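Undergrad: Submitted below is the structure of interest, expressed as structure tokens.
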Amino acid sequence: MKLVKTIQEVREEVKKARGSGKVVGFVPTMGALHQGHLSLVKRARNECSFVVVSIFVNPTQFGPGEDFARYPRQLSADLTLLEKERVEIVFAPSTEEMYPADSSTVVEVPKLSKVLEGKFRPGHFRGVCTVVVKLFNIVQPDFAYFGWKDAQQLIIIKQMVRDLNFPLTVVGCPTVREADGLAASSRNVYLSERQRALAPVLYQTLKLMEAMVKAKKITETRKLVRAGRQFLMRHSGLQLQYLKAVDSRTLQPVPRVKPGVLVAAAVKVGRVRLIDNILF
Ligand code: PAF
């Protein structure tokens, strides 16, 4: 495994790999790796002969007052984990390498970015799209791996790849969960013991909603969301930001649950924000 810090070095490494007929798989991350990231890396390892992982805490996707400064950074622990997964290249650039002082272009998928997370984190997806486009241009992968945990991010990136004709396939991978259902996230380390005990209620709410649909008790999304809200509100200490049933391509509300409907939610437990979703 090679740790590289400059764009030129990644380009050279990927060029050599391509020259010897390798298929390039790419997993973009912000580090603080957990089982969710490792599932993406394992999938890339299974499907590709050359695996690149980037570690870059991207400042442009954090809003004012968000957790950019305290976001966990643990490069040497991350490198140990990636070494075990037999990754070829870890690209860990500096902020100056990714965003030279005179850089000014941004990339945005406007409609999909304004809803759900976009309402609470204005500008977030502009930062994500801008850095992901840059990373795609730097690494030029055949396959890029993203988790369903960040469903809106995945849907936006798929749209962006179609719109901008990137010659690569975006692969969405299942959410990895702790034993009690909490979705793996780098931000889970912020949870106190009491908050950690409360956090699985988010997934329990989504599972309850899924069970109601499966039992054919509810098909109208309005009623389904109301039932989910009521369950969640019973747990004090959780502050619901949104719970919505939307079409997973357009992210617009739909009247009835059917295959392709995404139920997405965000809650705050103290200062910690948790997101999760289920796809019908
Ligand atoms: O999902 C993440 O960790 C980030 O949003 C990504 C895709 C690495 C871009 O910074």
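The values are calculated or read from the model by the stated rules, or taken from the named source; none is laboratory data. Computed from a prediction, not measured in an experiment: that's the story for all the values here. Please note: Cβ atoms are built from the backbone with ideal geometry, for glycine as well, and neighbour counts cover all protein chains shown. The area values use the complete protein model at the heavy-atom level, side chains included, leaving out ligands, DNA and RNA. Shrake-Rupley method; radii C 1.70, N 1.55, O 1.52, S 1.80 Å.
Undergrad: Is it true that some residue in region 15-25 is within 21 Å of C129 (Cβ to Cβ), open to solvent by less than 70 Å² (accessible area, probe 1.4 Å) and within 14 Å of the ligand (Cβ to nearest atom)?
TA: No, there is no match, as no residue in region 15-25 is within 21 Å of C129 (Cβ to Cβ), open to solvent by less than 70 Å² (accessible area, probe 1.4 Å) and within 14 Å of the ligand (Cβ to nearest atom).
Undergrad: Further, regarding this structure: Residues that are within 26 Å of P174 (Cα to Cα), open to solvent by 30 Å² or more (accessible area, probe 1.4 Å) and either more than 16 Å from the ligand (Cβ to nearest atom) or not aliphatic (A, V, I, L, M) (or both): does region 5-12 have at least one?
TA: To start, the set of residues in region 5-12 that are within 26 Å of P174 (Cα to Cα) comprises none.
Among the residues of region 5-12, not one is within 26 Å of P174 (Cα to Cα), open to solvent by 30 Å² or more (accessible area, probe 1.4 Å) and either more than 16 Å from the ligand (Cβ to nearest atom) or not aliphatic (A, V, I, L, M) (or both), which makes the answer no.
Undergrad: It is to be established whether one or more residues within region 113-126 are closer than 17 Å to V57 by Cβ and without any contact (Cβ under 8 Å) to a residue 40 or more places away in the chain.
TA: Within region 113-126, the first condition is being closer than 17 Å to V57 by Cβ, and the residues that meet it are 121, 123-126.
Right, trim to without any contact (Cβ under 8 Å) to a residue 40 or more places away in the chain and you get none.
The answer is no, given that none of the residues of region 113-126 is closer than 17 Å to V57 by Cβ and without any contact (Cβ under 8 Å) to a residue 40 or more places away in the chain.
Undergrad: For residues that are closer than 21 Å to Y99 by Cβ and either among the aromatic types (F, W, Y) or within 11 Å of the ligand (Cβ to nearest atom) (or both), tally how many sit in region 131-162.
TA: Total meeting the criteria: 10.
Undergrad: Please verify whether P72 is within 13 Å of the ligand (Cβ to nearest atom), open to solvent by less than 70 Å² (accessible area, probe 1.4 Å) and under 17 Å from C173 (Cα atoms), treating the condition exactly as stated. Steps first, please.
TA: Values: within 13 Å of the ligand (Cβ to nearest atom): yes; open to solvent by less than 70 Å² (accessible area, probe 1.4 Å): yes; under 17 Å from C173 (Cα atoms): no.
Judged against the criteria, P72 is not a match.
Undergrad: List the number of the failed condition for S192; all other conditions in (1) in contact with a strand residue (DSSP E or B) (Cβ under 7 Å, 6 or more places away or on another chain); (2) surrounded by fewer than 13 Cβ atoms within 10 Å (Cβ to Cβ) hold.
TA: Single failed check for S192: (1).
Undergrad: To continue, here is another question. Only residues that are over 25 Å from R271 (Cβ atoms), out of contact with any Cys (no Cβ under 8 Å at 6 or more places or on another chain) and of a type in the set (K, R): list them for region 43-96, please.
TA: If the condition is that a residue be over 25 Å from R271 (Cβ atoms), out of contact with any Cys (no Cβ under 8 Å at 6 or more places or on another chain) and of a type in the set (K, R), then R45, K84, R86 are the ones that fit.
Undergrad: Return the total of residues in region 49-69 being within 13 Å of the ligand (Cβ to nearest atom) and open to solvent by 30 Å² or more (accessible area, probe 1.4 Å).
TA: Number of matching residues: 4.
Undergrad: Here are some conditions: (1) among the polar types (S, T, N, Q); (2) free of Cβ contacts under 8 Å to residues at least 12 places away in the same chain; (3) within 27 Å of G172 (Cβ to Cβ). Q230 meets all but one. Which one does it not meet?
TA: Among (1) among the polar types (S, T, N, Q); (2) free of Cβ contacts under 8 Å to residues at least 12 places away in the same chain; (3) within 27 Å of G172 (Cβ to Cβ), Q230 violates only (3).
Undergrad: Output the residue which, of all residues in region 115-130 that are crowded, with 22+ Cβ neighbours inside 10 Å and not aromatic (F, W, Y), is nearest to the ligand (Cβ to nearest atom).
TA: Going residue by residue through region 115-130, those that are crowded, with 22+ Cβ neighbours inside 10 Å are 116-117, 125, 128-129.
Restricting the remaining residues to those that are not aromatic (F, W, Y) gives 116-117, 128-129.
Values: L116: 15, E117: 11, V128: 5, C129: 9 Å.
Step by step, filter region 115-130, then rank; the result is V128.
Undergrad: Which one is nearest to P110 (Cα to Cα), of the residues in region 139-159 that are in contact with a Phe, Trp or Tyr (Cβ under 8 Å, 6 or more places away or on another chain) and open to solvent by less than 10 Å² (accessible area, probe 1.4 Å)? Give the derivation first.
TA: Here is the first cut: in region 139-159, the ones in contact with a Phe, Trp or Tyr (Cβ under 8 Å, 6 or more places away or on another chain) are 139, 141, 143-145, 152-154, 156-157.
Filter again for open to solvent by less than 10 Å² (accessible area, probe 1.4 Å), leaving 139, 141, 144-145, 154, 156-157.
Details: V139: 25, P141: 25, A144: 22, Y145: 22, L154: 15, I156: 9, I157: 12 Å.
Restricting to residues being in contact with a Phe, Trp or Tyr (Cβ under 8 Å, 6 or more places away or on another chain) and open to solvent by less than 10 Å² (accessible area, probe 1.4 Å), the top hit is I156.
Undergrad: Being in contact (Cβ under 8 Å) with a residue 12 or more places away in the chain and closer than 18 Å to V14 by Cβ narrows it down to one residue among E108, E97; which is it?
TA: On the way: E108 fails: closer than 18 Å to V14 by Cβ.
Being in contact (Cβ under 8 Å) with a residue 12 or more places away in the chain and closer than 18 Å to V14 by Cβ holds for just one of E108, E97, which is E97.
Undergrad: Based on this model, can you work out whether L33 counts as surrounded by fewer than 21 Cβ atoms within 10 Å (Cβ to Cβ) and either within 13 Å of the ligand (Cβ to nearest atom) or of a type outside the set (G, A, S) (or both)?
TA: Numbers: surrounded by fewer than 21 Cβ atoms within 10 Å (Cβ to Cβ): no; either within 13 Å of the ligand (Cβ to nearest atom) or of a type outside the set (G, A, S) (or both): yes.
For L33, the condition - surrounded by fewer than 21 Cβ atoms within 10 Å (Cβ to Cβ) and either within 13 Å of the ligand (Cβ to nearest atom) or of a type outside the set (G, A, S) (or both) - is not met.
Undergrad: Can you tell me which residue in region 88-114 is surrounded by the most Cβ atoms within 10 Å (Cβ to Cβ), limited to those that are within 14 Å of the ligand (Cβ to nearest atom) and in a helix (DSSP H, G or I)?
TA: It comes out as S113.
Undergrad: How about region 76-87: which of its residues are open to solvent by less than 60 Å² (accessible area, probe 1.4 Å), without any contact (Cβ under 8 Å) to a residue 60 or more places away in the chain and in a helix (DSSP H, G or I)?
TA: First, the residues of region 76-87 that are open to solvent by less than 60 Å² (accessible area, probe 1.4 Å): 77-79, 81-82, 85, 87.
Next, only the ones that are without any contact (Cβ under 8 Å) to a residue 60 or more places away in the chain stay: 77-78, 81, 85.
Selection gives A77, D78, L81.
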